Amino acid sequence: MILETIIVGALQANCYVCGCARTRQAVVIDPGDNASAIIETLGRHNLSLSRIVATHAHFDHVLAAQSLQEVTGAPFYIHPADRPILAAMRQTTLAWMGYDPGELPQVSGDLTAGDVITIGDLALEVRPTPGHSPGGVTFVDYAGRRAFTGDALFAGSIGRTDLPGGAIETLLAGIRSQILSLPDDYAVLPGHGPASTVGEERRTNSFLMHPSSFEFWR
């Protein structure tokens, strides 16, 4: 599999370009901004974008989705519980960043628990990890032994839950059942910051071992 991480936007989100080396088809995970850099990466690998997906609908993970749709015609998918967050993105971006991002992306379909996104030889299972947002999901690539965790789980931390629809108990339950249930060697590819592994987070993430120490940081 072809995998590139592009750090995008003012909040330095991780956008992942995942491609099938055999079919040259690709999926983009969390296109948070910088559509031109994402398109350049696709072109450099001779990849055709088949699907755009988001781990959740906060603006720093979806700002470039509409531009990618316009250029490539690729469909865009989120969890239905996050559709209201997407609908409010223009107001949210104005409040946080001081500018109007313009037209919203068109949602082509829903991500639900157990769905498998198949792009050539690449398969990503959708696992529900709400709590940072109502419809947060994690994408698990079993062949590559990796999990794209969005803003649920970071290296050494977890997502904030003080935003609308957030819930700390829900987030912790989802992390434990849907991410920490994976083998220790699975890579954790988060929505911000460096990569880690399931085992490393299980052993050392103080927010998981001592939830009362939770601090908001994203």
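No lab work stands behind these numbers, since they all come straight from the coordinates. If you're wondering where the values come from, they're calculated on a predicted model, not measured in any experiment. Cβ atoms come from the backbone with ideal geometry, glycine included; neighbour counts cover every protein chain shown.
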Which one of HIS79, HIS45 is under 22 Å from GLY159 (Cα atoms) and touching a strand residue (DSSP E or B) at 6+ places or on another chain (Cβ under 9 Å)? HIS79
Look through THR55, THR41 and report the one residue that is in contact (Cβ under 8 Å) with a residue 40 or more places away in the chain, among the polar types (S, T, N, Q), closer than 21 Å to LEU3 by Cα and in contact with an Asp or Glu (Cβ under 6 Å, 6 or more places away or on another chain). THR55
For TYR77, indicate whether it is without any contact (Cβ under 8 Å) to a residue 60 or more places away in the chain and either of a type in the set (S, T, N, Q) or closer than 21 Å to ASP115 by Cβ (or both). yes
Among ASP110, ASP115, ASP151, which is the only one that is surrounded by 14 or more Cβ atoms within 10 Å (Cβ to Cβ) and either among the aliphatic types (A, V, I, L, M) or touching a strand residue (DSSP E or B) at 6+ places or on another chain (Cβ under 6 Å) (or both)? ASP115
Can you pull out the residues in the stretch 155-173 that are surrounded by fewer than 24 Cβ atoms within 10 Å (Cβ to Cβ) and either within 15 Å of the chain's Cα centre (by Cα) or within 18 Å of GLY32 (Cβ to Cβ) (or both)? ALA155, ARG160, LEU163
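This table checks each residue for (1) under 22 Å from LEU171 (Cα atoms); (2) in contact with a Ser or Thr (Cβ under 7 Å, 6 or more places away or on another chain).
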{"site": "LEU47", "(1), (2)": "no, no"}
{"site": "VAL62", "(1), (2)": "yes, no"}
{"site": "LEU68", "(1), (2)": "no, no"}
{"site": "ALA74", "(1), (2)": "no, yes"}
{"site": "ILE85", "(1), (2)": "yes, yes"}
{"site": "THR93", "(1), (2)": "no, no"}
{"site": "THR112", "(1), (2)": "yes, no"}
{"site": "VAL126", "(1), (2)": "yes, yes"}
Quick check on the stretch 44-55. Is at least one of its residues surrounded by fewer than 23 Cβ atoms within 10 Å (Cβ to Cβ), of a type in the set (Gly, Ala, Ser) and within 18 Å of the chain's Cα centre (by Cα)? yes
Can you tell me which residue is farthest from GLY32 (Cα to Cα) among those in the stretch 124-148 that are buried (at least 22 other Cβ atoms within 10 Å of the Cβ) and either without any contact (Cβ under 8 Å) to a residue 12 or more places away in the chain or among the hydroxyl-bearing types (Ser, Thr, Tyr) (or both)? THR129
